[in-house]
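What follows is a short report on a single structure.
The values are calculated or read from the model by the stated rules, or taken from the named source; none is laboratory data. Note that the structure is predicted; figures quoted are calculated from it, not measured. Backbone-built Cβ (ideal geometry, glycine too); neighbour counts: all protein chains shown.
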Amino acid sequence: MKDCSQFGEFNLVIQPFFKRYKARHGVVVDVGAYGKEMSNAYNLIADYNWLGILFEPFHVDKCIAEYESISNKVVFEPWVISDTEGEADFYIHNVDGHHSLEFECVPSTRTGQVRTVQTRTLQSALDQKRAPIDFDFLSMDTNGTDGPILVSMFANSEYRPRLIMFEHSIARTGTPDECDGFMKDGGYQRRWQNKHNVVYEKIVQP
């Protein structure tokens with residue numbers, strides 16, 4: 001089984017966690033899904049028969065093509081997830097995977113092209129998809145808005161996934177030390193980190 005995650009996080013963190021704590025629902029939510037490669041969700045869906053709820057506004061055709069063989073286990077929407085709902089500027093970059101709602105995200109690859117998009121909060125998207133309140137795993141990579149999205153979800157909903165992984169130290173998402181505060185308020189403790197991503201688990205596991 002090939003580890004499709006970006007830096008081996010599936011074998012290092014995700015798989016061991018769910019060996020310790022058996023999946024309750026077998027549901028993974030991936031915000032900024034991108035595609036099969038660098039995916040924290042793909043192995044769970046393809047190899048463990050989980051349901052994947054995927055949100056990806058830019059690489060739509062890529063996602064559909066790469067998940068085609070397991071499309072019966074995937075719910076896909078091309079929605080832009082943010083901490084607020086309404087119209088927003090979406091900044092286009094010349095490097096795949098750098099596109100962002102945040103102007104300050106990787107300025108060196110910004111092209112100057114801007115698209116106007118309609119944003120949704122994560123909690124409203126999860127409501128529409130009828131996700132379990134305590135779904136198993138949330139993976140996020142929105143290039144700078146992961147932190148604010150989580151703060152909004154904690155403040156405005158009861159959604160508390162058992163394991164959360166997101167990208168730190170970019171734009172409005174701070175360092176792991178800075179993220180510890182709002183994650184603790186949401187009921188989480190830091191489990192693991194590398195130079196790009198950080199993983200939090202619920203303080204009390206069922």
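Of the residues in the range 127-140, at least one is touching a residue at least 40 places away in the same chain (Cβ under 8 Å), of a type in the set (A, V, I, L, M, F, W, C), surrounded by 15 or more Cβ atoms within 10 Å (Cβ to Cβ) and assigned to a loop (DSSP other than H, G, I, E, B).
For the range 176-206, how many residues meet the condition of being among the basic types (Lys, Arg) and either at positive phi or assigned to a loop (DSSP other than H, G, I, E, B) (or both)?
1
Each residue in the range 152-175 was checked for being buried (at least 17 other Cβ atoms within 10 Å of the Cβ) and either assigned to a helix (DSSP H, G or I) or among the basic types (Lys, Arg) (or both), and 5 of them qualify. Could you please let me know if SER124 is part of a helix (DSSP H, G or I), modelled with pLDDT of 95 or more and touching a Ser or Thr at 6+ places or on another chain (Cβ under 6 Å)? Answer is no for this residue. Screening the candidates SER100, SER69, SER152 for the property of being without any contact (Cβ under 8 Å) to a residue 24 or more places away in the chain and hydroxyl-bearing (Ser, Thr, Tyr) yields one hit, SER69. Among the residues of the range 80-97, are any among the hydrophobic types (A, V, I, L, M, F, W, C), within 26 Å of ASN43 (Cα to Cα) and not in a strand (DSSP E or B)? The answer is yes, given that some residue of the range 80-97 is among the hydrophobic types (A, V, I, L, M, F, W, C), within 26 Å of ASN43 (Cα to Cα) and not in a strand (DSSP E or B).
Those helices (runs of 4 or more DSSP H) of the range 1-71 in which at least 2 residues are under 16 Å from the mean Cα position of the chain (by Cα) and surrounded by 22 or more Cβ atoms within 10 Å (Cβ to Cβ), considering only elements entirely within it, cover 42-48.
The set of residues in the range 176-206 being in contact (Cβ under 8 Å) with a residue 60 or more places away in the chain and buried (at least 20 other Cβ atoms within 10 Å of the Cβ) consists of ASN197, VAL199, GLU201. Here ASP47 meets the list (1) closer than 25 Å to ILE133 by Cα; (2) without any contact (Cβ under 8 Å) to a residue 12 or more places away in the chain almost entirely, failing just condition (2).
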